[in-house]
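Only one structure is covered here, and it is reproduced in the block below.
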């Protein structure tokens, strides 16, 4: 098991470097291949109606006049060891991991990202607990009672949950529970400031987001359990006289969890990279709204930082899923 974890950690580091290279190429190499010059790229970082000398100075300041490999190595050096940027007459040090410098906001990108992570993490993790527990539980009960009233109602609700978008269910939830009945107030409060207020203010985003995902997880769990519970080893376990609870959870559910873990790692990683629709619907300023603002402002360092951070969350989530695979099914280790 230790050897397997070490191999996955090494593969994760290599994959992060590859993703960084691809991301850097998208933002700096592809524009050159499309015909843009370093002068054109530097013009994006200068204010309106700049004079040529200002653009040329920005080109030198950003190092855009160097070759793309040299720029990429400098970018990797900033992530590992930090970078110093010349801001007018002063110099600003960006500590590692330095994901660039926002020349529009005059700040390093990393602190801007970190300040928005708690909101996104609160939404994603809270909703993930609800949809994982609720979806899997509903799927198990539906699989054990196929064709029952509960099965039909739960799968019908699941179909509605998959079909309805967040910006629709979110607006309905806000209209009823926040504006009409005044039950929930959706404003973010730090968990360290007031844990109860933090949880209460995020109930609506959690439920709306979990409603979408739990529907999918219920259908996947039901399909996996229906297939697993008819396997020969399940019949053998029952013939040996094992309790039904043990047959269901230790033998049936354990085998059906593999696809659930796969999609859970992807979903949680994507949400940690920015729950864009949820944050926009409930006006919660996390990485999702931060990304929208960066795109509106054409702030390439901020956009690039969000892409790298989201990629990091997805890669790490998949690494954890692989490790959980090895714990559930020992055959994966070899």
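Coordinate-derived values only; no laboratory data. Since this is a predicted model, take the numbers as computed values, not measurements. Cβ atoms come from the backbone with ideal geometry, glycine included; neighbour counts cover every protein chain shown.
Points to keep in mind about this one:
- Taking the longest Cα principal axis of the chain as reference, the axis of helix 254-272 is set at about 30 degrees.
- Taking 0.36 nm per residue of sequence separation and removing the Cα-Cα distance, the residue 81/residue 270 pair yields an extension gain of 65.3 nm.
- Comparing 122, 298, 20 in a Gaussian network model of the chain (Cα springs below 10 Å), the most mobile by mean-square fluctuation is 298.
- Structural descriptor for the chain: relative contact order 21 percent, calculated from alpha carbon pairs under 8 angstrom and at least 6 residues apart.
- Global form of the range 1-135, assessed from the alpha-carbon gyration tensor, a/c cut-off 1.5: prolate
- Per-selection Kirkwood Rh - the range 24-79 (Cα, Å, 1 d.p.): 11.7
- Three semi-axes of the equivalent ellipsoid, the range 111-333, Cα gyration tensor, whole Å, largest first: 36, 22, 14
- Ellipticity at 222 nm from helices only: DSSP H runs of n ≥ 4 in the chain, each -39500 (n - 2.57), divided by the residue count, give -22000 deg cm²/dmol.
- Crossing angle, helix 149-163 versus the chain [Cα axis fit, 0-90 degrees, rounded to tens]: 10
- Gyration tensor (alpha-carbon) shape descriptor, the range 211-334, a/c threshold 1.5: prolate
- Residue order for 181, 131, fewest other beta carbons within 10 angstrom first, comes to 181, 131.
- Within a Gaussian network of the chain (alpha carbon springs, distance under 10 Å), most fluctuating of 238, 32, 104: 238
- Across the range 2-109, C-alpha contacts under 8 Å between residues 6 or more apart give a mean separation that, scaled by the residue count, equals a relative contact order of 15 percent.
- For the pair residue 196 and residue 277, the difference between a 0.36 nm per residue extended length and the Cα-Cα distance amounts to 26.7 nm.
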